[in-house]
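Note sheet for the following structure.
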Amino acid sequence: MGSTDYEFRTVWRVAGTPEEVVAALGDATTLPLWWPSVYLSAEPVAGGPEPAPGLPRPTRLHTKGWLPYTLRWTLTVTEPITGRGFALTAAGDLNGTGRWTFEEDGPETVITYDWRVSAAKPLLRQLSWLLKPAFAANHRWAMARGQESLALELRRRRAAAGSVSGRTATGPAAVPPPPPPTFAWLTRRAARTGTQTAA
């Protein structure tokens, strides 16, 4: 494996069904709403060929971790999204493949994410030989925020459903917000200028 290649395997456990997990993770356009520490923006790619039946349009993403740089890449789902999981490809500042796998375990779902990517962003390519452990730690930080944010989002969605049906006295406002992005001033500047930020 080269200095710019990364392989990660992340396992989460959250309270909820695979169907609830799919409703959140299966729609990339909603990621900035509930995982804002990592997903700064998500826009469906306009134009181009229509995706195969059962697949969403590719999504253009602007993402970050704990470190003060951002990545722009396009996520394309490559197989139908089901309660067992789905696969995707990444193209842009990151190139590679990912696979989400969901397994029900009583009232919880075990989520496994296999992520194999190569860094194409010049900053990462130039410094990967030196800072690869820091970049890997950055990914682990981002995924830890993802587990926390997904657990909160599932609670929020259940509270909203319960409020609508009258089954609960507490609504989604009672659920804490997800962790925000680090270095917020950098992300605001990137949003204004439309440029990538770098360390």
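For this structure, a couple of remarks:
- Unique residue being more than 24 Å from Thr182 (Cα to Cα) and surrounded by fewer than 17 Cβ atoms within 10 Å (Cβ to Cβ) when the list is Leu130, Leu88, Leu55: Leu55
- Summed over the stretch 23-79, the residues that are among the β-branched types (Val, Ile, Thr) and more than 26 Å from Thr109 (Cβ to Cβ) give a count of 3.
- Cβ-Cβ distances below 6 Å connect the following pairs, each with a first residue in the stretch 43-72 that is among the β-branched types (Val, Ile, Thr), a second residue that is modelled with pLDDT under 90, and a separation of six or more residues or different chains: Thr70/Ala190; Thr70/Gln196; Thr70/Thr197.
- Residue in the stretch 30-48 that is in contact with a Lys or Arg (Cβ under 7 Å, 6 or more places away or on another chain) and charged (D, E, K, R) present: yes
- Options Leu75, Leu67, Leu55, Leu88; residue that is closer than 19 Å to Ala120 by Cβ and assigned to a loop (DSSP other than H, G, I, E, B): Leu67
- Just one residue in the set Ala24, Ala28 is under 13 Å from the mean Cα position of the chain (by Cα), within 15 Å of Pro178 (Cβ to Cβ) and at pLDDT 95 or above; that residue is Ala24.
- Checklist (1) in contact with a helix residue (DSSP H, G or I) (Cβ under 7 Å, 6 or more places away or on another chain); (2) more than 28 Å from Asp105 (Cβ to Cβ); (3) not aromatic (Phe, Trp, Tyr) applied to Gly83, failing item: (2)
- Single residue of the stretch 38-52 satisfying the filter (at pLDDT 95 or above and in a loop (DSSP other than H, G, I, E, B)) that is surrounded by the most Cβ atoms within 10 Å (Cβ to Cβ): Val38
- Check on Gly171, out of contact with any Cys (no Cβ under 9 Å at 6 or more places or on another chain), at pLDDT 75 or above and small (Gly, Ala, Ser): yes
- Taking the stretch 97-137 as the range and being of a type in the set (Gly, Ala, Ser), outside any helix (DSSP H, G or I) and either at pLDDT below 95 or under 17 Å from Pro68 (Cβ atoms) (or both) as the test, only Ala119 passes.
- Selection within the stretch 1-37: residues that are among the small types (Gly, Ala, Ser) and assigned to a loop (DSSP other than H, G, I, E, B). The member of this set that is surrounded by the fewest Cβ atoms within 10 Å (Cβ to Cβ) is Gly2.
- Residue check, Arg140 within 23 Å of Ala23 (Cβ to Cβ) and modelled with pLDDT of 95 or more: no
- Any hit, the stretch 152-167, residues being assigned to a loop (DSSP other than H, G, I, E, B) and modelled with pLDDT under 90: yes
The values are calculated or read from the model by the stated rules, or taken from the named source; none is laboratory data. The structure displayed is predicted, hence computed values, not measured ones. Every residue, glycine among them, receives a Cβ derived from its backbone with ideal geometry; neighbour counts consider all protein chains shown.
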